[in-house]
Amino acid sequence: MLSFRRDNSASTNFILWAAIWLVIGTLMGLVLAIEFVFPDFAHGIPWLVFGRLRQAHVNTVLFAWLSGAMMGAWLYIVPRLTGRKLYSEVLGNVSVLAWNVALLLGIIGILMGHTQSREYAELVWWVDVAVMAVLLMNAFNILMTISKRVEPKLYVSLWYITSTVVLFPILYFIGNVMWNPPTGSLTGVNDTIFNWFYGHNVLGLWFTTGLLAVIYYIVPKETGTPLYSMWMSLIAFWGVLFFYTGVGAHHLLWAPIPYWLKTVAVAESFGMIIPVLAFMFNILLTMRGNWSHLRSSVPLLYAITGWAAYIVVSFQGSNEALRGVNELTHFTQYVPGHAHLALLFFGASTCIAGAYYVIPRAFGCMLYSRRLARAQYAFYVIGFAAFFLGFLIAGLVQGTSWVHLGLPVWTVLPGLRAFMALRIMGGVLLVTSFVMFAYNTIATIVVKKPFVQPDIVLSTVPTVKSPAELAGGDVA
Amino acid sequence: MKMTFRIVFWGGLIVFFAVVAVAVFTPVAVWRPTPTDVSHPYTAQEAAGRTLFYSNGCNYCHTQYVRDVDNAMGPVSEAGNYYYDNPMILGSERTGPDLSYVGRKRSMQWEIDHMRWPRQYSPLSIMPDFTFLSTPQATDIAAYLFNLGDRSAAEFMITPPALYASRTLPVIGSVVKTTDPNAPAQGWPTFKAAGLYDGKLIYASHCLTCHGCAGNGLGTYGGTLIVTPANFKVDPFRTMPDDQWFWHVSEGVQGSVMPPWKESLTVQERWDVIRFVQQVYAAPFERDPNEGSPTPAYQKKNPLPITIANIDAGKRIWTRECAVCHGDEGKGQGVYRQGIEPVPPNFDNPANYDPYIDADYFWRVSEGVPWTAMPTWKKVYTAQQRWQLVTYIRTMFTQTDKKPAQLPEAESFAITPTERSMTVPKGTTYEAGRQQFLIQCAHCHGLAGDGKGWDGTYLNPAPANLQKKLASSQPDITEGTTFAKVTNGIDNTAMPIWGEFLNADMRLADVKYLKDSFNIGTGAAGKTSHYGNGAVPLPYVRTDTGIFEAEIATISPDAGKAVYEQYCATCHGETGAGDGAGAKGLPGGAPAPFPGPHLFTNLKPSAPMNLPYIFAVTRSGIPGTMMYGFQPLLTETDIWNVSTYTLQVTGGKFGG
């Protein structure tokens, strides 16, 4: 961890920082959930006030945790798939340091009230510059590694990683309106088009493409089975690029932006079903006959969970973008529920899979405790189910109360309290699960359990008796 | 398809930019909304408030756009509403109410207090408290909110939707608007022919409780509302175009309790009432109503016997409804009479009213008076109640009917145990009671409480001398009994039933003032220096009376003399020696003489009480003393006038 030059050190450093950020970020989320039920919980503490803490929570889990863990996973996967070392381990470690320091300052800044307050683009301008520098360094490092690869074949994971590191800096620059400091924003309603183009593509062209790469890597590796279909991979890859890029305006279906643009966004959102189906069946058919590996491989368990969550959240998202559904769900807790299904159940599952895959291999040791990882999984899934239901029901109650019954917003609040409380309960389980994860990850490195080939115990093969023997006759 | 590094790299970029060009760059290139009436540039304070608003993440729970499926939130948001916004804070989650049109729904102070203690003001709220914001910060945010949305655009006058745009008043009858004040008398026939009588009836039955009989938005119920009803006498209502009127009356007003009248009034009825409001309140001018005589249906004698009970019932209505214009003393000097054309009558001279019979009163009370603000009370009160009102007017004011014999002490009513046990709560301030007394009581009871107010002298019995009454050591004079008398009035006198008009806090403040000023030994009066500390509040430290002269009128000590004699001399005396007739019985002692130049050396060398000081004190009063702040009673010009006269009295010199 101390060396800047050791192989895979940038990868593992990204992941270790991220593991700590995960605990911090979800603790923030837990406080937010508590504030929904007990609004005086953080009475009079400015940096715990809901509006600030929510922004800090989002930026912590999105950038510090998920992006850190994801980039960490890439820096391990890319050298494996290219057959050579990372182009520059030092540059990678500089990225780790710059990324975490910039975000630490940015998040503290948000808690102190320094924010652009554009959703997902809250970080102030100079943090944007630092983030951009890291994105470019990281892109350079990865692209140089790929372009100088030894392995001639360009694996599917590398398609995704290549386009992600190329497109996201451009997206970040446009979406954050970085040419317009200090507010990082346009004047007037057009700014929302930029904001949501960026906001949704943080998911679409950063986490989706970036994390699908991880799933595309872990699933074949851990099952020992090649990907089922190259064609399905192609459809999924180009489909994601084409359809995801234009979905942003579905956040603005009721806002005063051009009507045709909303239609474009709805069409693009619904078109997402195509790449999602291709990806779904590709992995499903790769897993055919391999489901038993879920019992032996912790990373695969989490990666497949991430895959399943991705399918569900994508269908949910395409559905939610339809005008008729959106009318009911827009502005409600259903939407953050959807976001948590995406970034928590899909994003975090996949990142945890990546961490559990990379850390033991990078240090040449065993995972500290597989039992802990499995216990964590139980907490994780049960916690998330409660948590997600809380969002889902609260959102539907809100939507129907507002639109069908015409009730004012505040009169609905008391009826949501039970579901908000459900979120706290689920949240406690989730945070517990993530503490177990962080502990397990760090303990793996500290303890470094030597890698042992599990003993294959051959059970005694029963003697096969012939029908004649069975019949009690002599064998001649 | 073989996926090479080049294909992935360049292909990705091409697909990405192809879509971005359609979904991001094209809309920004072709979508150029123009500013709407709702948008407005932010002042420095509003901009600071907006920054604080989004820095604290308020927009993560409060959206700022209204969809067409939203119920009762205001007009659907338009792109131009956000013309001046940077960054955009439309919001994506609606945990709290949408704030697009929150401006002017509530006072700025309400916004500040609600931000700090949300559940005190909105019990269902789950908003965090923002006690950590400093007062200037909270004020900035409140300023931002207060100017957000179409209520702020009242100044900018948002245009009605297509359904209502450009609709104008249908012409009915021959005379609708007469701009010539010398036009011939316009009595009931022209009034009715113009459809105004129909409007008047609807106004009395549908509008009166909130907008008030004076049309100033201070009807009996209007006073309890947070969003005060429209005052028709001020802009924008004074000059509002017809289509705005018709829109607001038909659809109601967002964020207020103004109902959508299209649900219960026909198009014709809505236009009738609009025409009435325009003619009588929004743009009135003096006419000769030439009413004629009561119609045969009203040719009746008062069927009620003149009893204390009937007088009391009449007084109850008078206090609640009539006193605001006619004055509680019946001289037509009520607090809302400004802008009423023609002015309410003065009942104080019985000789003028000798020819009037019961029917004259009853008819006018029932039907109102054409071309005036006098409502058709038959829509609100029963015949019996109206007759009780007539009884009250004729016995107490015009004194053309003989009232029953005075009971001993004129106050032999039963005080309930609850009232008797009332005490003035701790928070009640002396100054609030003093100002209340100045506005409601002093014109009859006198500024010094000696019962010699300028309006009440003709009343029978004369207003009580509070000094004498309260100073006489009657055991029954307690806070509770005083409160009861203020609340219930005094039987068989013109002392109003203030319980009908002032809320309990106001009445308790009155009681505190009465007790402290006129009840020996307990008072705040006289405890503090009559001159304060000589410090003048900063806004009044100005000697350039020129700006007031330019704006309003010429300021002169001569004009101030009459004001001085009416208001000041009763305590301070003609020469400022503190020997006024009213002050003699004050338990707190008469005011000290005005200091001459020689007395003021320790505070302001070589100057007597200077003009800004006199102005400030006359306008705002002196805390802890009986010195009233005359701002509610006198115009700024009159305060300047009387200040300059006072300066002369003390030996100073004004002007030159």
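Could you pull out every residue, at least 5 positions away or on a different chain, whose amide H is within less than 5 Å of the one on A:Lys449? Hs are placed 1.01 Å off N in the peptide plane, and Pro or chain starts have none.
Under 5 Å from the amide H of A:Lys449: A:Met366.
To the nearest 20 debye, what is the magnitude of the charge dipole of region A:1-113 about its Cα centre, counting +1 on the Cβ of each Lys and Arg and -1 on the Cβ of each Asp and Glu? Don't skip to the answer; put the middle values down first.
Details: 7 positive and 4 negative charges, 94 e Å.
It comes to approximately 440 debye.
In terms of the Cα gyration tensor, with a ≥ b ≥ c the square roots of its eigenvalues, is region B:296-404 rounded because a/c is under 1.5, prolate because a/b exceeds b/c, or oblate? Mind dumping the intermediate values first?
Numbers: a/c = 1.39, a/b = 1.24, b/c = 1.12.
Rounded is the answer for region B:296-404, as its axis ratio a/c remains below 1.5.
Once R0 is set to 51 Å, what does the formula 1/(1 + (r/R0)^6) return for the Cβ-Cβ distance between B:Thr224 and B:Lys402, expressed as a FRET efficiency to the nearest 0.05?
Numbers: r = 39 Å, r/R0 = 0.76.
E between B:Thr224 and B:Lys402, to the nearest 0.05, is 0.85.
Mind putting a number on the dipole of region B:296-404 about its Cα centre? Charges go on the C-beta only, +1 for Lys and Arg and -1 for Asp and Glu, and I need it in Debye to the nearest 20. Can you show the working numbers first?
Numbers: 14 positive and 11 negative charges, 66 e Å.
For this selection, approximately 320 debye.
Working from Cα positions, state the angle (0 to 90°, nearest 10) between the long axis of helix A:259-271 and the longest principal axis of chain A.
Helix A:259-271 sits at roughly 10 degrees to that axis.
If I fit a long axis through the Cα atoms of helix A:349-363 and take the longest principal axis of the Cα atoms of chain A, what angle between them do I get, 0 to 90°, rounded to 10?
That helix lies at roughly 50 degrees to the long axis.
Can you give me the angle between helix A:209-223 and the longest principal axis of chain A, using Cα atoms only, in degrees from 0 to 90, rounded to the nearest 10?
Once rounded, the angle reads 10 degrees.
Partner chain Cβ atoms within 10 Å, averaged over the residues of A:100-111 - can you pull that number for me?
0
Compute the separation of the alpha-carbon centres of region B:315-361 and region B:46-110 and state it in Å as a whole number.
Here the two parts' Cα centres lie 48 Å apart.
Between A:Val90 and A:His404, what is the FRET efficiency for a Förster distance of 51 Å, r being their Cβ-Cβ separation, to the nearest 0.05? Could you put the intermediate results ahead of the total?
Numbers: r = 60 Å, r/R0 = 1.17.
So, using R0 = 51 Å, E works out to roughly 0.30.
If R₀ is 45 angstrom, what is the calculated FRET efficiency for the pair B:Ala21 and A:Arg5, using the beta carbon separation as r and rounding to 0.05?
Details: r = 43 Å, r/R0 = 0.96.
Once the sixth-power term is evaluated, E becomes 0.55.
Take B:Ile202, A:Ile218 and order them by how many other Cβ atoms sit within 10 Å, fewest up front. Mind dumping the intermediate values first?
Working: B:Ile202 22, A:Ile218 27.
If I rank by nearby Cβ atoms, fewest first, I get B:Ile202, A:Ile218.
By counting other Cβ atoms within 10 Å of each Cβ, how are A:Tyr120, A:Tyr356 ranked from fewest to most?
Working: A:Tyr120 21, A:Tyr356 27.
Arranged by neighbour count, lowest to highest, A:Tyr120, A:Tyr356 become A:Tyr120, A:Tyr356.
Can you give the translational diffusion coefficient of region A:1-158 in µm²/s, computed by Stokes-Einstein from the Kirkwood radius over Cα pairs at 20 °C and 1.002 mPa s?
Working: Rh = 16.7 Å.
It comes out at roughly 128 µm²/s.
Treat every Asp and Glu Cβ in the protein assembly as shown as -1 and every Lys and Arg Cβ as +1, leave all other atoms uncharged, and give the resulting dipole magnitude about the Cα centre to the nearest 20 debye. Intermediate values should be presented prior to the final figure.
Numbers: 78 positive and 75 negative charges, 763 e Å.
My answer is approximately 3660 debye.
Ordered by residue, what ³J(HN,Hα) values in Hz, to whole numbers, does region B:435-442 give under the Karplus form 6.51 cos²θ - 1.76 cosθ + 1.60, where θ = phi - 60° and Gly and Pro are x?
For region B:435-442, the Karplus-derived couplings read 5, 4, 4, 4, 6, 9, 10, 4 Hz, x marking Gly and Pro.
Rule-of-thumb check for chain A: C-alpha Rg over 2.2 N^0.38 Å?
Working: Rg = 23.9 Å, N = 476, 2.2 N^0.38 = 22.9 Å.
Scaled against compact globular proteins, the figure is 1.04.
Run the simple label-point estimate for B:Ser166 and A:Arg323 please: 7 Å along Cα→C-beta, distance reported in nm.
For the pair B:Ser166/A:Arg323, the computed spacing is 2.8 nm.
Can you give me the C-alpha center-to-center distance between region A:44-70 and region B:204-277, rounded to a whole angstrom?
Value for the Cα centre distance between the two parts: 49 Å.
Roughly what would the spin-label model give for B:Asp505 and A:Leu284, points 7 Å off Cα along C-beta, in nm?
Using points 7 Å along Cα→Cβ, the separation is 6.7 nm.
Under the rule of at least 5 residues apart or a separate chain, name every residue whose amide H is placed under 5 Å from the amide H of B:Met374.
Amide H neighbours of B:Met374: B:Val369.
What trypsin sites (Lys or Arg not before Pro) does region B:231-336 have in DSSP loop regions with at most 11 other beta carbons within 10 Å? Spell out each step's value before the answer.
Values: sites: B:Lys233, B:Arg238, B:Lys262, B:Arg270, B:Arg275, B:Arg287, B:Lys300, B:Lys301, B:Lys315, B:Arg316, B:Arg320, B:Lys331; in loops: B:Lys233, B:Arg287, B:Lys300, B:Lys301, B:Lys331.
Filter output for region B:231-336: B:Lys301.
Let me check against my output: what whole-number percent is the relative contact order of chain A, with C-alpha pairs under 8 Å and at least 6 apart? The partial results should precede the final answer.
Details: 690 pairs, mean separation 72.4, N = 476.
The value is 15 percent.
Quick check: the distance between the Cα centres of region A:360-427 and region A:187-242, to the nearest angstrom?
24 Å
Please report, for the Cα atoms of the protein assembly as shown, the Rg to one decimal and the Dmax as a whole number; what are they, in angstrom?
Expressed in Å, the Cα Rg and Dmax of the protein assembly as shown come to 40.4, 151.
All of the numbers you see were taken from the coordinates with simple rules; none came from a lab. It should be emphasised that the depicted structure is a prediction, and the values quoted were computed from it without experimental measurement. Neighbour counts run over all protein chains shown; Cβ positions are idealised from the backbone, glycine included.
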